[in-house]
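Novice: One structure follows; several queries about it will come next.
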Amino acid sequence: MAVQILVPIHTHLDGNAATLADHAVAVARRSKADLHALVLNADFPPLSSPLGNLLIDIPALIGDAKEKARQRGTAVVDALERQAGAHGVALRITRLDCFPVAASEIVTRLARYHDLVLVGLGTRDAWPQATAEAAVFGSGKPVLLVPEERPVAEPDTVLVAWDGSRVAARAVTDAGPFLARASRVVIAAVTDEKALAETDAGERLAEHLARHGITATVSRLRSQGRPIATVLQDHGAEIGAGLLVMGAFGHSRMRDFVLGGATSGILKALRMPVLLSH
């Protein structure tokens with residue numbers, strides 16, 4: 001049975017870039033997966049008043065915004081269809097009109113019927129970041145973040161952020177297929193950021209992976225006051241990693257989340273593909 005990957009496509013304000021297709025199809029090829037593109041066409045509540053229409057044609061502005069959103073979504077879908085067709089990747093497309101503020105909840109619910117959620121992040125707008133956060137903490141599924149404005153990365157080397165926590169263990173399990181296909185696995189333990197329950201946690205994880213036929217080495221890193229997201233992504237760049245695996249920390253507070261520092265840093269400044277699990 002093929003892995004099922006959900007790919008949300010945002011269309012408002014600027015939406016996802018068409019380069020999201022390159023990342024999604026590359027992941028699907030390596031994973032022998034099917035893609036399900038969910039096009040979130042922006043819709044807006046009707047707003048009109050006699051006074052407002054004397055100054056500006058509000059319905060016309062809304063119509064123009066909706067049409068531009070559809071055009072942005074179509075550009076991404078066209079790129080997906082070209083790439084998927086060229087590489088023999090199965091692709092299905094669902095188009096849905098929704099208010100932008102509702103997109104995160106829609107993606108989170110639909111994600112539960114898939115194996116993986118792939119979210120493209122860039123500097124275009126914050127809606128994809130909000131969707132990624134909601135899916136990580138609400139879907140029960142792993143979320144693969146890809147920096148859509150950077151070249152596609154080959155995950156031959158995988159970096160695993162490890163502190164012995166529950167969420168880190170969840171991430172390692174979810175990343176099993178990526179680890180099995182990697183030619184090199186490196187376990188990163190940041191030793192000066194917080195007290196670790198076990199001083200040999202990295203080595204113990206390496207032993208566990210070895211029992212599954214995965215050879216891993218351990219890197220002990222020091223943050224020296226730098227944000228953990230920076231430490232991990234800098235080390236990933238140093239070793240040529242194409243994927244970072246890490247657990248996501250967050251605390252529910254009236255349906256909002258107070259994110260852990262590393263999770264927040266990754267979402268706000270993504271420089272490499274990151275598999276997040278909670």
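Novice: For the stretch 81-117, which residues satisfy the criterion of being more than 10 Å from H36 (Cα to Cα), assigned to a strand (DSSP E or B) and hydrophobic (A, V, I, L, M, F, W, C)?
Specialist: L96, C98, L116
Novice: Would you mind finding the one in A86, A60 that is surrounded by fewer than 15 Cβ atoms within 10 Å (Cβ to Cβ), modelled with pLDDT of 85 or more and either farther than 17 Å from N16 by Cα or not small (G, A, S) (or both)?
Specialist: A86
Novice: Using the structure shown, decide if D78 is surrounded by fewer than 13 Cβ atoms within 10 Å (Cβ to Cβ) and assigned to a helix (DSSP H, G or I).
Specialist: yes
Novice: Hey, can you tell me all the residues within the stretch 206-220 that are under 19 Å from V274 (Cα atoms) and either modelled with pLDDT under 95 or not in a strand (DSSP E or B) (or both)?
Specialist: Selection gives nothing.
Novice: Quick one: would you say E133 is surrounded by fewer than 16 Cβ atoms within 10 Å (Cβ to Cβ) and out of contact with any strand residue (DSSP E or B) (no Cβ under 6 Å at 6 or more places or on another chain)?
Specialist: No, not satisfied.
Novice: Are there any pairs with C-beta distances below 9 angstrom linking a residue in the stretch 107-131 that is more than 22 Å from S31 (Cβ to Cβ) to a residue that is of a type in the set (A, V, I, L, M, F, W, C) and assigned to a loop (DSSP other than H, G, I, E, B), with the two at least 6 apart or on different chains, and if so which?
Specialist: G122/A17; G122/L270; R124/L13; R124/A17; D125/L13; A126/L13; W127/L13; Q129/L270
Novice: Does any residue of the stretch 175-189 turn out to be of a type in the set (S, T, N, Q), surrounded by 15 or more Cβ atoms within 10 Å (Cβ to Cβ) and either closer than 30 Å to T19 by Cβ or more than 24 Å from the chain's Cα centre (by Cα) (or both)?
Specialist: No, the stretch 175-189 contains no residue that is of a type in the set (S, T, N, Q), surrounded by 15 or more Cβ atoms within 10 Å (Cβ to Cβ) and either closer than 30 Å to T19 by Cβ or more than 24 Å from the chain's Cα centre (by Cα) (or both).
Novice: Determine if the stretch 223-245 includes at least one residue that is in contact with a strand residue (DSSP E or B) (Cβ under 7 Å, 6 or more places away or on another chain), at pLDDT below 95 and outside any helix (DSSP H, G or I).
Specialist: yes
Novice: Could I ask something else about it? Between a residue in the stretch 142-170 that is within 13 Å of L275 (Cβ to Cβ) and any residue that is in a helix (DSSP H, G or I) and among the acidic types (D, E), which pairs come within a Cβ distance under 6 Å, given they are 6 or more apart or on different chains?
Specialist: Every condition considered, the pairs that remain are P142/D174.
The values are calculated or read from the model by the stated rules, or taken from the named source; none is laboratory data. Since the model is a prediction, treat every value here as computed from it, not as a measurement. Using ideal geometry, Cβ is built from the backbone for each residue, glycine included, and neighbour counts are taken over all protein chains shown.
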